[in-house]
Amino acid sequence: MPELPEVETVRRGLSPIMEGAHFARVELRRPDLRFPFPENFAERLTGARVDALGRRGKYLVASLSTGEHLIMHLGMSGRFTIKAGAEPARDSGVNPNHDHVVFHMRDAGLARVTFNDPRRFGFMDLSGPDRLETSRHFAGMGPEPLGNEFSAETLNAALRGRKAPIKAALLDQRVIAGLGNIYVCEALYRARLSPRRQAATVPGMRGERLHQAIVKVLREAIEAGGSSLRDFAATDGALGYFQHRFDVYDREGRACRRCGGDISRFIQSGRSTFFCGGCQR
DNA sequence: AAGAAGCCCTGATAGC
DNA sequence: TGCTATCAGGGCTTCT
């Protein structure tokens, strides 16, 4: 379940291979992922150089020499694997039936970058040469939590007046970019805030705690190479290990490390929320 | 208009 | 053992 730390881990794995390299050939093994590939997708990539590989929220963005941007989302189960040119065709180390896209990169020893995605919740898109921030995927997206524009003040401002539970507000990519179920649960635990608390009541001291908790949990998770629960692996197949440091996520029925209470689980807007009723208010 | 629910998709797992 | 039901949850669409 790639959230910001997992996507950042993938970006760091891909950038040494892709930045500065050209697409020699692009293989599409099916007409769509979650959405159809954009028109002439392979043709528009072939010959282009990757000037930079960035990330916005949970999206990977390759800026191309053609002026277009290749926008990639891992969905739930998307995985990129890198193999050098001479290695055998079984690229991803997982079921090759789900190897949907292969980028053959030159200037990188003809490395192959394979996108495998069993559930096909991932997608790829090309944005025109217009500014990225106004593109369909990024218009209205909230601040990068590890960027300069994210502060306790901007978080508070985004939460003010919101009647939804804080859990739902933090999952909303318009409030803050890149958080998913895992890191929202973990950040709320660290900030000692109940996921049920109305978002509008957070600004103030609670908002400062929450801001700190979000930044810290994301930094630690990136340092740990992300979290590998069911699907996630880095481009070299390595598993992240932040899942071993979860305080609440996937720990239903276990003891809270802080107060000794029981970690409980309930469904909030259709998704599992994990929290400690003893010390999260 | 904000908020919630439904949808997509497959693999792992639980339960019979 | 082998079948079926359930769950996982990104973001988008639809409904209230």
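The values are calculated or read from the model by the stated rules, or taken from the named source; none is laboratory data. Model, not experiment: these values are computed from the prediction. Because the Cβ atoms are built from the backbone with ideal geometry, glycine has one as well, and the counts that use them run over all protein chains shown.
Some observations on this one:
- Scan of the stretch A:42-59 for residues that are part of a strand (DSSP E or B) and of a type in the set (Ser, Thr, Tyr), ordered by number: A:TYR59
- Some residue of the stretch A:1-10 being away from DNA strand B (no atom under 16 Å from the Cβ), surrounded by 15 or more Cβ atoms within 10 Å (Cβ to Cβ), part of a strand (DSSP E or B) and touching a residue at least 40 places away in the same chain (Cβ under 8 Å): no
- Residue that is nearest to DNA strand C (Cβ to nearest atom), among those in the stretch A:103-133 that are at pLDDT 90 or above and of a type in the set (Gly, Ala, Ser): A:GLY122
- Within the stretch A:232-250, considering residues that are within 16 Å of DNA strand B (Cβ to nearest atom) and under 13 Å from the mean Cα position of the chain (by Cα), the one nearest to A:ILE82 (Cα to Cα): A:ALA233
- Residues within the stretch A:84-102 that are touching a Gly at 6+ places or on another chain (Cβ under 8 Å), modelled with pLDDT of 60 or more and more than 24 Å from A:GLU43 (Cβ to Cβ), tallied: 1
- Close pairs from the stretch A:174-193: first within 19 Å of A:ARG265 (Cβ to Cβ) and part of a helix (DSSP H, G or I), partner charged (D, E, K, R) and within 9 Å of DNA strand C (Cβ to nearest atom), Cβ under 7 Å, at least 6 apart: A:ASN181/A:ARG271; A:ILE182/A:GLU3; A:TYR183/A:GLU3
- Filter pass, A:ALA238 being closer than 30 Å to A:SER15 by Cα and among the hydrophobic types (A, V, I, L, M, F, W, C): yes
- Whichever residue in the stretch A:62-75 is surrounded by fewer than 21 Cβ atoms within 10 Å (Cβ to Cβ) and either closer than 18 Å to A:PRO5 by Cα or charged (D, E, K, R) (or both) and, among such residues, is nearest to DNA strand B (Cβ to nearest atom): A:GLY75
- The stretch A:258-281, residues that are farther than 16 Å from A:ALA213 by Cβ, outside any strand (DSSP E or B) and touching a residue at least 12 places away in the same chain (Cβ under 8 Å): A:CYS259, A:GLY260, A:GLY261, A:SER269, A:GLY277, A:GLY278
- Residues being out of contact with any helix residue (DSSP H, G or I) (no Cβ under 9 Å at 6 or more places or on another chain), at pLDDT 85 or above and in a loop (DSSP other than H, G, I, E, B) - total across the stretch A:218-257: 5
- Taken together, the residues in the stretch A:142-165 that are surrounded by fewer than 18 Cβ atoms within 10 Å (Cβ to Cβ) and assigned to a loop (DSSP other than H, G, I, E, B) amount to 10.
- The residue that is farthest from DNA strand C (Cβ to nearest atom), counting only those in the stretch A:11-57 that are buried (at least 17 other Cβ atoms within 10 Å of the Cβ) and within 27 Å of A:TYR249 (Cα to Cα), is A:GLY13.
- Test for A:GLU208: is it modelled with pLDDT under 95 and either within 22 Å of the chain's Cα centre (by Cα) or in a helix (DSSP H, G or I) (or both): no
- Here A:LEU53 passes the criteria (1) in contact (Cβ under 8 Å) with a residue 40 or more places away in the chain; (2) over 30 Å from A:LEU170 (Cα atoms) except the one numbered (2).
- Scanning the stretch A:156-170 for residues that are of a type in the set (A, V, I, L, M, F, W, C) and farther than 21 Å from A:THR273 by Cα, we see that the one that is nearest to DNA strand B (Cβ to nearest atom) is A:ALA158.
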